[in-house]
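Worksheet: one structure, shown below.
The values are calculated or read from the model by the stated rules, or taken from the named source; none is laboratory data. Quantities reported herein were computed from a predicted structural model and do not represent experimental measurements. All Cβ positions, even for glycine, are placed from backbone atoms using ideal geometry, and neighbour counts span all protein chains on display. The protein model used for the area step is the full one, side chains on, heavy atoms only, and it has no ligands, DNA or RNA in it. Shrake-Rupley method; radii C 1.70, N 1.55, O 1.52, S 1.80 Å.
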Amino acid sequence: MDLLSALSLEDLTASFAKLPVFPAFDVAYYIISILYLKYEPGAVELSRRNPVASWLCAMLYCFGSYILADVLLGESPIHYFSNNANIVLASSIWYLVFFCPLNLFYKCVSFLPVKLIFVGMKEVVRVRKIAVGIHHAHHHYHHGYVIMVLVGWVKGSGVALMSNLEQLLRGVWKPETNEILHMSFPTKASLYGAILFTLQQSHWLPISKANLIFFFTIFMAACKIFMTATHSHSSPFDPLEAFICPFLFGTPSSKHDDHGDHHHHHDDHDSSHSAVKSKEDLSEGTRKRKVKKAE
């Protein structure tokens with residue numbers, strides 16, 4: 001903390017933590033979320049064929065994390081829809097992205113330099129949602145550390161975790177795309193961030209919430225901006241996970257070994273079959289010689 005004070009970062013981090021996210025950062029969050037919806041195969045056709053289904057999908061993309069967190073905490077899943085200003089704002093962006101004449105709004109917000117700004121602003125909202133989710137869960141369960149992590153996790157990546165439900169609204173069912181089975185970088189980062197904020201909330205991590213929000217936001221924004229700019233799908237956590245996971249959880253069983261065992265078993269079966277066949281041939285040959293000799 002003395003180092004932060006010496007670098008005059010204490011006031012900066014405190015001011016950043018108090019920075020309101022509505023409306024500017026929320027607008028960026030909604031724009032990027034609905035852009036990702038438009039990238040989905042068949043999303044544009046669905047908006048023309050069934051605008052209501054398309055609007056519901058957009059609302060899930062914008063507010064899915066709030067819905068899932070409310071479900072986990074035993075609250076009404078439609079509670080957040082009472083925020084009329086946010087609903088109107090997200091609905092307006094949905095309409096502009098899908099139905100703006102000449103696709104002008106989509107072309108402007110998807111222009112890479114502009115999009116990168118919105119991507120960074122979205123990560124500000126994501127980290128703030130994780131911190132608020134941890135605080136909310138701590139208010140209900142003071143020592144429920146697992147609950148705090150789960151709520152913070154879904155606050156940060158609830159949209160991805162609800163992707164299969166959103167696919168059903170679009171008439172698509174792809175269970176193999178389950179986010180838990182194939183975690184993207186935002187989902188993993190939200191999980192790790194939820195653990196850090198839980199440790200901080202429980203006073204096990206010697207850092208203030210303002211400082212944690214500030215530094216974790218910088219990390220998230222820098223990673224997402226770089227990944228978006230380079231069109232990369234690799235996670236910055238991959239090298240660390242590749243080093244640690246084999247020690248903690250072992251290596252996955254090799255399909256090649258199973259395949260080899262299968263071939264070995266098949267070869268043994270063929271060898272046994274060949275041996276039996278050879279004995280049968282030998283017996284048949286002996287029988288024929290005996291018959292011929294007898295004749």
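Local charge for residue 41 was computed over the other residues whose Cβ lies under 12 Å away, with Lys and Arg +1 and Asp and Glu -1, and equals +1.
Remark: spin-label model distance residue 39-residue 222 equals 2.3 nm, labels positioned 7 Å along the Cα→Cβ axis. Kirkwood radius and radius of gyration were both taken over the C-alpha atoms of region 1-141, and their ratio Rg/Rh is 1.05.
Checking the Cα-Cα distances for 38/174; 115/155; 18/38; 18/122; 38/122; 107/129 against a 26 Å cut-off, the pairs over it are 18/38; 107/129. In this calculation the C-beta distance from residue 234 to residue 172 is compared with R0 = 25 Å, giving a FRET efficiency of 0.45. For region 84-229, the alpha carbon convex hull comes to 143 Å³ per residue, rounded to a whole number.
In the assembled protein chains, residue 182 presents an accessible area of approximately 120 Å² (probe radius 1.4 Å). For residue 88 and residue 24, the FRET efficiency from 1/(1 + (r/R0)^6), where r spans their Cβ atoms and R0 equals 22 Å, is about 0.90. Take region 114-229 with all the other protein chains still there, run a 1.4 Å probe, and you get 44 Å² of accessible area per residue.
Heavy-atom surface analysis with a 1.4 Å probe gives region 1-120 a carbon and sulfur content of 70 percent of its accessible area. Peptides 188-195, 233-240 ranked from most to least packed give 188-195, 233-240, packing being the mean of other C-beta atoms within 10 angstrom over each peptide's residues. Accessible surface comparison of 125, 114, probe 1.4 Å, protein chains only, largest first: the order is 114, 125.
Modelled spin-label separation between residue 116 and residue 132, with each label point placed 7 Å from Cα along the Cα-to-Cβ direction: 2.9 nm. With both labels modelled 7 Å from their Cα along Cα-to-Cβ, the residue 139 to residue 104 distance reads 4.3 nm. Between the beta carbons of residue 245 and residue 202, assuming R0 = 30 Å, the FRET efficiency works out to 0.70 to the nearest 0.05.
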